[in-house]
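Here the structure comes first, spelled out in structure tokens, and everything after it is commentary.
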Amino acid sequence: MRPAVFLDRDGVLTEEKSYICFPEELAVFSYARECVKKIHEKGCYAIVITNQSGVARGLFSEESLREINEQLTRKTEVDKIYYCPHHPEGKIKPYGKVCSCRKPATGLLKQACKDFSINLEASYMVGDRAGDILAGQRMGLKTILVESGYGTKGLEQPVVPDYVVKDLREAVEILPDRSEL
Ligand SMILES: [Zn+2]
């Protein structure tokens, strides 16, 4: 078993720009790859958990999203990307629905736990929005809010994360060293 660092995508690994429809629009932060490397060096999985309701809204296809994910994986070397393509108000079938995977729901985190052998007690959720923090807290994770995306001013609802930091670089500094795990 290993701890995981669950990472939101937009505002954490990449620049927050409402909807990314094509791989070439994805602006990966210059420090993202180095941060994922540090997460691995600290003995943790780096797993992306992302809401991508643009699929349900008809802004891009699930196939385009997979291409975007491949690019993100290539550029950052994260272990896996889990995404929710749904939205309750989405017009595109079969994605327009209430689901159990759109954060703050925990479906994607639970799926990751089935696929990887994860020590949840020692795991973290890193995100820039209330939904990230709430999903992490529902799973009993330690939570880190980064201000590199929407920032604390953009929170849709008040949440109390364990840590608030500038960006992913500061977040990885919080992780204990492998020897302390
Ligand atoms: Zn979903």
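No lab work stands behind these numbers, since they all come straight from the coordinates. What you see is a predicted model, and the numbers here were worked out from it, not measured in a lab. Neighbour counts are summed over all protein chains in view; Cβ atoms, including those assigned to glycine, are modelled from backbone coordinates with ideal geometry.
One table, with the values for the structure above:
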{"quantity": "Karplus-derived 3J(HN,Hα), 6.51/-1.76/1.60, for each residue of segment 140-150, Hz, glycine and proline x", "calculated": "x, 8, 6, 10, 10, 8, 9, 9, 8, x, 5"}
{"quantity": "Least to most buried among Phe22, Phe6 (fewest other Cβ within 10 Å first)", "calculated": "Phe22, Phe6"}
{"quantity": "Taking Thr106, Thr50 and counting other C-beta atoms within 10 Å, the order from fewest to most", "calculated": "Thr106, Thr50"}
{"quantity": "Percent of C-alpha pairs per 10 Å bin, the chain, short to long", "calculated": "10, 40, 39, 10, 1"}
{"quantity": "More than 23 angstrom apart: percent of Cα pairs within segment 38-131", "calculated": "27"}
{"quantity": "Kirkwood hydrodynamic radius of segment 120-170, from inverse mean 1/r over distinct Cα pairs, in Å", "calculated": "10.6"}
{"quantity": "Under-5 Å amide H pairs with Ala4, H placed in peptide plane, nonlocal only", "calculated": "Tyr45, Asn119, Ser123, Tyr124"}
{"quantity": "Above-threshold pairs, the threshold being 23 Å between Cα atoms, out of Lys80/Lys103; Lys110/Lys142; Lys97/Lys166", "calculated": "Lys97/Lys166"}
{"quantity": "Residue among Pro88, Cys21, His40 farthest towards the positive dipole end of the chain, charges placed on Cβ", "calculated": "Pro88"}
{"quantity": "Per-residue Cβ neighbour rank within 10 angstrom, fewest leading, Arg9, Arg169", "calculated": "Arg169, Arg9"}
{"quantity": "Rg/Rg_globular for segment 74-181, with Rg_globular taken as 2.2 N^0.38 Å and Rg from C-alpha atoms", "calculated": "1.14"}
{"quantity": "The chain, dipole about Cα centre (Lys/Arg Cβ +1, Asp/Glu Cβ -1), debye to the nearest 20", "calculated": "520"}
{"quantity": "10 Å-binned pair-distance histogram of segment 1-91 (Cα, whole percent)", "calculated": "17, 50, 25, 7, 0"}
